[in-house]
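Take a look at the structure set out below.
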Amino acid sequence: MAALIFCNGKPPSQQLAHECLRSKPFVVCADGGANVAARLGIRPDLIIGDCDSVMPKTRGQFASVPLLQISDQENSDLEKALDYVLNRKIRSVMVLGATGKRADHAFANLSILAKYRKKLDVRFRDDDGEIFAIPKRWSGEVGRETIISLLPLGKCSGITTKGLKFPLKNESLQPGVREGVSNVSVEETVSVRVRAGCLLLFVGHREYR
């Protein structure tokens, strides 16, 4: 089973949200993500977090939905949701609403991709694209002329790519030094190899070429 987590960032479109529901995932709302699900007419299987952002109207609408209130402030509501699905032996997670709105929340959520990359396959998705932490070797069919960005969390070295307009060969990327934003695929399949470091990959949706 896979999981779909709603966060309280920029809401996804109705089309994207229902596309993510096609595989019938276990649906979790991270605190204020319940408000997003309510506006989209999607009933979650669980609401989790410190619950300081769930609106009274949403609580009423989801009165029959299990609510797990965790007041611990040492981790975020998204981390609470990820820990919950991890304990359920779920290993594939799509997250909606992880970006947008407050920049500090978006930045912290991106660092969560690094924290959980060895435990879960976590992907943040919005109407512009998808972003996730890649393993040492990754390849995927993305189609031609798709926007591909390589985003390092800290220094990443030994990066080699195939299928990109601006290829890398055993090179390094580092925040504030060199990033790999807005590359473009020139082949149907793109591959990336990284020797050391945590590298995020952004794959744009084809309609945003």
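What follows draws every value from the coordinates through simple rules; no lab data is involved. Everything quoted here is computed from the prediction, not taken from an experiment. Heads up, the Cβs are rebuilt from the backbone with ideal geometry, glycines too, and the neighbour counts pull from every protein chain shown.
Side notes on the structure shown:
- Put a plus charge on the Cβ of each Lys and Arg, a minus charge on the Cβ of each Asp and Glu, and nothing anywhere else: the dipole of region 145-209 about its Cα centre is then about 240 debye.
- Within region 57-191, DSSP assigns beta bridges of which about 75% are antiparallel (rounded to the nearest 5).
- Footprinting exposure proxy ranking of ARG59, ARG88, fewest other C-beta atoms within 10 angstrom first, gives ARG88, ARG59.
- For region 95-201, the spread of Cα positions along each principal axis, largest first, Å: 34, 27, 27
- Shown for LYS119, LYS155: other C-beta atoms within 10 Å of each C-beta, ranked fewest to most, produce the order LYS119, LYS155.
- The largest-to-smallest principal axis extents of the Cα set in the chain are 55, 35, 31 Å.
- Full extension of the chain between LYS10 and GLU145 yields a length gain of 46.0 nm, computed as 0.36 nm times the residue separation minus the alpha carbon distance.
- For the chain, the longest principal axis of the C-alpha atoms and the axis of helix 103-116 are separated by about 80°.
- Once you reduce region 1-45 and region 112-129 to the center of their Cα atoms, the two points are 15 Å from each other.
- Per-residue extension of 0.36 nm, minus the Cα-Cα distance of ALA106 and VAL184, leaves a gain of 25.7 nm for this segment.
- The order of SER64, SER182, going from fewest to most other C-beta atoms within 10 Å of their C-beta, is SER64, SER182.
- Here the dipole of the chain is about 600 debye; that uses its Cα centre as origin and unit charges on the Cβ of Lys and Arg (positive) and Asp and Glu (negative).
- Rounded to the nearest 500, the 222 nm mean residue ellipticity of the chain from helices alone is -6500 deg cm²/dmol, with -39,500 (n - 2.57) taken per DSSP H run of at least 4 residues.
- Estimated FRET transfer efficiency when R0 is 41 angstrom, pair MET55-LYS165 (beta carbons, to 0.05): 0.35
- Among the lysines of region 90-209, pairs at least eight places apart or on separate chains and with Cα atoms under 15 Å apart come to 5.
- Point-to-point label distance, LYS89-LYS118, nm (Cα→Cβ direction, 7 Å offset): 2.3 nm
- The share of Cα pairs per 10 Å bin across region 81-121, counted from zero up to the longest distance, runs 27, 53, 20, 0 percent.
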